[in-house]
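Working notes, structure below.
The values are calculated or read from the model by the stated rules, or taken from the named source; none is laboratory data. The model shown is predicted, which means the values in this text are computed figures rather than measured ones. Cβ coordinates were reconstructed from backbone atoms using ideal geometry, including for glycine residues, and neighbour counts include every protein chain displayed.
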Amino acid sequence: MPETDWPFDQPRNCAVITLRSIAFDNAPILHVSHDIDDHGWQFLGAEDACEENSCVLCLENIVELDPTILEVAEIPPGWHAWRESLSSPWMRESNPQDAG
């Protein structure tokens, strides 16, 4: 994908938070959060995230793991997206955890 077609507000090599189960065990990404404070991205599963299971990848690696993530690249900071399964559509809304 040419750099001009990159849909995220962060570069391809931006560090993002994900879970070891997603990075190494092919668990699905079911929750995406675009943080309001630093414009960071988190790519999580259905279970509650805990620090012991977290890891850092670059944004481009996340897209390689699951290209459907491109469908939520436009969510603004302070928003999140979620889905029930890989075949479910993404739902989007303002993230109540980011509300001041």
* Could you run through segment 1-18 and say how many residues are surrounded by 12 or more Cβ atoms within 10 Å (Cβ to Cβ) and in contact with an Asp or Glu (Cβ under 8 Å, 6 or more places away or on another chain)? => 2
* Output yes when any residue across segment 89-97 is at pLDDT below 95 and assigned to a helix (DSSP H, G or I), and no when none is. => yes
* **Single unsatisfied condition, residue 74 versus (1) of a type outside the set (Ser, Thr, Tyr); (2) in a loop (DSSP other than H, G, I, E, B); (3) in contact with a Phe, Trp or Tyr (Cβ under 7 Å, 6 or more places away or on another chain)** => (3)
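Every residue in segment 27-50 that is out of contact with any helix residue (DSSP H, G or I) (no Cβ under 7 Å at 6 or more places or on another chain) and either assigned to a loop (DSSP other than H, G, I, E, B) or aromatic (Phe, Trp, Tyr) (or both), please.
Narrowing segment 27-50 to residues out of contact with any helix residue (DSSP H, G or I) (no Cβ under 7 Å at 6 or more places or on another chain): 28, 30-31, 33-34, 37-40, 42, 44, 46-50.
Those that are out of contact with any helix residue (DSSP H, G or I) (no Cβ under 7 Å at 6 or more places or on another chain) and either assigned to a loop (DSSP other than H, G, I, E, B) or aromatic (Phe, Trp, Tyr) (or both): 28, 30, 37, 38, 39, 40, 46, 47, 48, 49, 50.
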* To do: Please specify each residue of segment 27-73 satisfying the condition of being over 23 Å from residue 96 (Cβ atoms), touching a residue at least 12 places away in the same chain (Cβ under 8 Å) and among the charged types (D, E, K, R).
  => 60, 66
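For segment 44-68, which positions are more than 12 Å from residue 16 (Cβ to Cβ) and of a type outside the set (A, V, I, L, M)?
First, the residues of segment 44-68 that are more than 12 Å from residue 16 (Cβ to Cβ): 45-53, 64, 66-68.
Selection gives 45, 47, 48, 50, 51, 52, 53, 64, 66, 67, 68.
Residue by residue, here is whether (1) closer than 15 Å to residue 12 by Cβ; (2) surrounded by fewer than 17 Cβ atoms within 10 Å (Cβ to Cβ); (3) under 11 Å from the mean Cα position of the chain (by Cα) holds:
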residue: 48; (1), (2), (3): no, yes, no
residue: 51; (1), (2), (3): no, yes, no
residue: 73; (1), (2), (3): yes, no, yes
residue: 76; (1), (2), (3): no, yes, no
residue: 83; (1), (2), (3): no, no, no
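Only residues that are among the hydroxyl-bearing types (Ser, Thr, Tyr) and part of a strand (DSSP E or B): list them for segment 77-88, please. Give the steps one after another, and end with the answer.
In the first step, residues of segment 77-88 are kept if they are among the hydroxyl-bearing types (Ser, Thr, Tyr); the result is 85, 87-88.
Listed by number, the list is empty, since nothing qualifies.
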* Being more than 13 Å from the chain's Cα centre (by Cα) and either assigned to a strand (DSSP E or B) or without any contact (Cβ under 8 Å) to a residue 40 or more places away in the chain (or both) is the filter here, so list the residues in segment 2-26 that pass it. => 2, 3, 4, 5, 6, 20, 21, 24, 25, 26
